[in-house]
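One structure below.
The values are calculated or read from the model by the stated rules, or taken from the named source; none is laboratory data. In this text the structure is predicted, and so the values were computed from the model without any measurement. No Cβ is skipped: glycine too gets one built from the backbone with ideal geometry, and neighbour counts run over all protein chains shown.
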Amino acid sequence: MKVRSYHPILLISFIFLLIFTSCNRESTLGSILSKETKNDVYKNIEEEKLAATLQSTLEKEGNNFKNKTFLANYYKQNGYQATLIKKFIHDNKLNQLAERLANSLEHGIGSDYFHADNYQKLLNAIISKDAIKTEEDAYKELAQLEISTADALINYSNALQYGVVNPNKVLRRYYIETKRPDSVFMKSILTSTDLTSLLDSIQPTSPLYLALQKELKSNLAVEDQQRKEISKTIIVNMERARWKQDFDASNMVYVNIPAFQLDVFKEGKSIINMKVVVGETGHETPVLASKIHSVQVNPVWNIPKSIAGKEMLKHVQEDRFYLVNSGIDVLEDGKVIEGSENIDWSAFSPDNLPYRFRQRPGSENALGKIKFLFKNNSSVYLHDTPTQTAFEKENRALSHGCVRVAKPLDLAQALFGNGDKFNEIKSEMESTEQMDANDIALSPQTQVVLDYKTINLRNNTLYFYSDIYGEDTVLYPYLKSGI
């Protein structure tokens, strides 16, 4: 009988192939769990049966999860596999998530928002050697842990990367387009293979956010009622700092309403700062983002119907020459009425006023010498004013909603630069002659943002401002900080 011989190299290669195949054979979830927990109940866990339990849990208890629709679709597409447990049960990875949820107040969000205590109890039961005693309990608790992990991980990531609330839904007169998490983002969270890196990567990193986070930690370390109130303000502004607002912040005209200040930013640095007057309570300046497309020198003021009815009518009823002396035309069907002092104004009321009012250019014009125009649905703009005394007040919430600027010529120069257009603007603004309204286009158009922050960072220092419109009070309850 002839004995077949094998080449030593082929034999060694075959042995290595067997070892490699054995080492790379994917471990079952049951074997992983029994190894990690030392609980033999998990040894016989069948992944198909667990998938069926997971599907049933989603169908019956989906309303208990914040992201129920996304989770239902995601797990259906992935065969209801418990992928997160399989990826992260080892080396206490899920405990890292539990710790982040428990310590979420470092971001100004209470752990109750993430149901951190419930998650920790569920995780403890799974990893305990003795808590799960039957296979039936194992299937039930594992399905709960898988879905709860997915929901908690998405909630935590969404909150840190996009904010807890959608400001467009909870705040009045907030018109900045703010991005919210979508299914693409949430799927990327669940398909991550490195939980530690993921949790580190979603930490917001803007200078303002990091400064607020540091200040919050300092305040929370002191048991003091005043510090608690300061902490609440910090928490709300951390939430604002998480919102992904859709505008270019490096080059813009930026108004912070509570600060009563305007900055012009070029390449991320403020090149001009000036005082502004903003809307009073009841006539709040809206939060918005737009583009300044032009200015009007020697502006015409088309007086809003609300102001005409509530204020102008009262003045003219007391003094029939008020409109004439103020350079205000009365219009009916778009045509100017001559001799408005002869109208019987006592016959009208704020709710019954058939006329429109328009103030001509001139020294009495409420818009001063120039207004800066940008598209918006609130009919607001930036403008000059003939009355400078308001800029000396500490509380400058005094207008009907538009923003009065203290240095309009400086603002025009920052927008137009030194050239023919700016020279024309400067000449007309400095002229004492009566002139017609002059519209001058701005190209390229410049980003303008009217924002609302009760804390802001200037030169590495945090500045606190009064919550003049009460918006901090509206936002705070959503964050469930428990302070």
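Only one of the numbered conditions (1) modelled with pLDDT of 95 or more; (2) surrounded by 13 or more Cβ atoms within 10 Å (Cβ to Cβ); (3) farther than 30 Å from L216 by Cβ; (4) basic (K, R) is not met by R100, and that is (3).
For region 151-169, the condition holds for at least one residue, the condition being that it is assigned to a helix (DSSP H, G or I) and loosely packed, with under 15 Cβ neighbours inside 10 Å. Of the set (1) part of a loop (DSSP other than H, G, I, E, B); (2) modelled with pLDDT of 95 or more; (3) within 27 Å of the chain's Cα centre (by Cα), all apply to S481 but (2). Note on region 306-336: residues that are within 19 Å of K371 (Cβ to Cβ) and of a type in the set (D, E, K, R) amount to 1. For beta carbons closer than 6 Å, sequence separation of 6+ or different chains, a first residue in region 133-161 that is outside the structural domain of I189 (by TED's automatic domain parsing) and within 22 Å of D112 (Cβ to Cβ) and a second that is modelled with pLDDT under 95 and not in a helix (DSSP H, G or I), there are no qualifying pairs. Only one of the numbered conditions (1) over 30 Å from K217 (Cβ atoms); (2) assigned to a helix (DSSP H, G or I) is not met by D130, and that is (2).
Which of the residues spanning region 75-97 are at pLDDT below 95 and of a type in the set (S, T, N, Q)? Listed by number, the list holds a single entry, N92. In the set P204, P304, only one residue is modelled with pLDDT of 95 or more and surrounded by 15 or more Cβ atoms within 10 Å (Cβ to Cβ); that residue is P204.
Just to verify a result, which residue in region 104-127, among those that are among the β-branched types (V, I, T) and in contact with a Leu (Cβ under 7 Å, 6 or more places away or on another chain), is nearest to K66 (Cα to Cα)? Per the criteria, the residue is I109. Is it the case that region 33-47 has a residue that's among the charged types (D, E, K, R) and either assigned by TED's automatic domain parsing to the domain that holds N237 or modelled with pLDDT of 95 or more (or both)? No; the residues of region 33-47 include none that is among the charged types (D, E, K, R) and either assigned by TED's automatic domain parsing to the domain that holds N237 or modelled with pLDDT of 95 or more (or both).
Those residues that are in contact with a Ser or Thr (Cβ under 7 Å, 6 or more places away or on another chain), among the aliphatic types (A, V, I, L, M) and either more than 30 Å from Y476 (Cβ to Cβ) or at pLDDT below 95 (or both), I need them from region 400-459; list them, please. Steps first, answer last, please.
First pass over region 400-459, keeping only residues in contact with a Ser or Thr (Cβ under 7 Å, 6 or more places away or on another chain): 401, 403-404, 415, 439-442, 448, 450, 454-455.
With the extra rule that they be among the aliphatic types (A, V, I, L, M), the set shrinks to 403, 415, 440-442, 448, 450, 455.
Correct list: L415, I440, A441, L442.
Being out of contact with any strand residue (DSSP E or B) (no Cβ under 6 Å at 6 or more places or on another chain), exposed (fewer than 13 other Cβ atoms within 10 Å of the Cβ) and either at pLDDT below 90 or within 14 Å of A143 (Cβ to Cβ) (or both): is that true of S56 here? The answer is no for S56. In the set N365, N273, only one residue is under 23 Å from G401 (Cα atoms), assigned to a loop (DSSP other than H, G, I, E, B) and in the same structural domain as K393 (by TED's automatic domain parsing); that residue is N365.
F265 passes every criterion in (1) over 23 Å from A390 (Cβ atoms); (2) touching a residue at least 24 places away in the same chain (Cβ under 8 Å); (3) in a strand (DSSP E or B) apart from (2). Among the residues of region 90-124, the one identified as free of Cβ contacts under 8 Å to residues at least 24 places away in the same chain and assigned to a loop (DSSP other than H, G, I, E, B) is N103.
Residues are listed down the side, and each one gets a yes or a no for (1) surrounded by 10 or more Cβ atoms within 10 Å (Cβ to Cβ); (2) among the hydrophobic types (A, V, I, L, M, F, W, C); (3) outside the structural domain of L313 (by TED's automatic domain parsing); (4) in a strand (DSSP E or B):
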site: E338; (1), (2), (3), (4): no, no, no, no
site: P361; (1), (2), (3), (4): yes, no, no, no
site: K371; (1), (2), (3), (4): yes, no, no, yes
site: V380; (1), (2), (3), (4): yes, yes, no, no
